[in-house]
Every structure is written in C-alpha cells, then in structure tokens.
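The values are calculated or read from the model by the stated rules, or taken from the named source; none is laboratory data. Computed from a predicted model, the values in this text were never measured in an experiment. No Cβ is skipped: glycine too gets one built from the backbone with ideal geometry, and neighbour counts run over all protein chains shown. Note: accessible area is taken over every heavy atom of the protein model, side chains too, but ligands, DNA and RNA are not part of it. Shrake-Rupley method; radii C 1.70, N 1.55, O 1.52, S 1.80 Å.
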Amino acid sequence: MFKVTLIDESQQKETILDVANDEIILDVVLRQGYSEKDLTYIDDDGTEVKFATENEIGCIWSCRAGACTSCAVRVIEGSVTPIKESFFLDKDQLEKGYTFLCKISPQSDCKILLKKEDDLYE
Ligand code: FES
C-alpha cells in the first residue's frame, strides 16, 4: 500500500489516499465516495453516459479508459505504472511525468498534480 498525494493547485488542496500497487488510482478515488458530483445521462440508445466532471478533491475524468485526456495529471514525485506513448501523450510529455489517472497505479509513495489536461495542448 502506498501513500498517493493528489494536489489540486487551483484549490490549494491536497488529499492523501492509500492505494495498492495493483489498483488504479482513479478507481480508488471514486470508490472512496468522492463521486457525488458525477453527472450521468441516458443516451438515445439507452446507454448510461457520464460527463467529464470534477469531484471534491479536484479529480476530473470522463472515459476512464485513457482515451479522452480529461484525467491528465503530472507525477512530480515517486513512480507509477508506466503508460505507452500515444496519440495523446508524446515521449517528451511522458518524460515530464504527464500521464492519465485512470490508467496508473502507484509503484511507490508519490505526489501527483491534478488538472493538467491543458498542459498537453500548449
Ligand atoms: S478519463 Fe479519459 S483519459 Fe482518463
């Protein structure tokens, strides 16, 4: 079990969670009851769709599959499971610690800056 510190600079807020090395960090955030502001609607075909949304600790998410960039974060201390270079993240961004909260597990105690989606498109 590792200590994961999630830092929301815009709210000057830090949240520390205990996360196992085989757990997805965003799953732990949602499981711990931080999803009250999740917005859901039923699509024309009956599919439940969740909007990108923000919760009390500043996590933003939408697809939960590494396919939208809503949950982009930057790891500034410690290590997490590596993800591959992709359409959304190039080698330079990966080297700077950018990754997706919905795709990573901690590999040590770590500190993570939330809400970094805009950085990917600068
Ligand atoms: S929620 Fe879409 S990439 Fe993580």
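Please find, among ILE24, ILE83, ILE16, the residue that is out of contact with any helix residue (DSSP H, G or I) (no Cβ under 9 Å at 6 or more places or on another chain), β-branched (Val, Ile, Thr) and at pLDDT 80 or above.
None of the others qualify; the one that does is ILE16.
Would you say SER86 is over 23 Å from GLU14 (Cα atoms) and of a type outside the set (D, E, K, R)?
yes
Yes or no: PHE51 loosely packed, with under 11 Cβ neighbours inside 10 Å, more than 20 Å from ILE16 (Cβ to Cβ), modelled with pLDDT under 90 and within 14 Å of the ligand (Cβ to nearest atom)?
No.
Among the residues of the range 29-38, is any at pLDDT 70 or above and of a type in the set (A, V, I, L, M)?
Checking the range 29-38: at least one residue is at pLDDT 70 or above and of a type in the set (A, V, I, L, M).
In this structure, is VAL73 closer than 27 Å to MET1 by Cβ, at pLDDT 95 or above, within 15 Å of the ligand (Cβ to nearest atom) and surrounded by 18 or more Cβ atoms within 10 Å (Cβ to Cβ)?
Taking the combined requirement at face value, the residue satisfies it.
Just to verify a result, which residue in the range 76-114, among those that are open to solvent by 50 Å² or more (accessible area, probe 1.4 Å) and of a type in the set (Phe, Trp, Tyr), is farthest from the ligand (Cβ to nearest atom)?
Per the criteria, the residue is PHE87.
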